[in-house]
């Protein structure tokens, strides 16, 4: 489905709702509140499916009049076979880009400075950069994101998220 004012989502009870109404109800006057950390600390939209999360995220990003930056994964296997050659052709970048798993962003990730985001995995537990930590994007580099923490005990701390992440899902028998 295209993310726009007319997008309708069905929940697990086959009830439908509009993304626009959900966003406006949860985040009234969002553009006027973009610099208010407390505004984003107190609100969240929860949904059971990642496909719905993507639709809501796309809709909300379109509301914010800043330039978006698209990040694409650059996936390659970290392991080699016993001969020292790269792992076989089954693990091509095209194949790796189709993997959607817990703790990794999708192959395409669109972000804007000033938008809130949530970590989907533990990055650094000592620094309390754990799953569900919320932050505001402050800078976007080629290989790292900078953000300001807005949840937990490190509120207002500046953190850095590296581009290089490996899957935490044990069902995937290799690292990339």
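What follows is calculated from the coordinates using simple rules that are stated; it is not laboratory data. Not measured: the values here are computed from a predicted model. As a convention, Cβ positions derive from the backbone with ideal geometry for all residues, glycine included, and neighbour counts pool all protein chains shown.
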task: Could you work out how far apart the two model spin labels at residue 158 and residue 31 are, taking each label as a point 7 Å from the Cα in the direction of the beta carbon, and quote it in nm?
output: 2.9
field: Peptide ranges 28-36, 47-55 listed from the most packed, as the mean C-beta count within 10 angstrom indicates
entry: 47-55, 28-36
- request: Please give the length that would be gained between residue 110 and residue 69 if that part of the chain were fully extended, namely 0.36 nm times their separation in residues minus their C-alpha to C-alpha distance (nm, one decimal).
  value: 14.2 nm
- request: Would you calculate the separation in nanometres between label points at residue 126 and residue 18, each defined as 7 Å from the Cα along the Cα-to-beta-carbon direction?
  value: 5.1
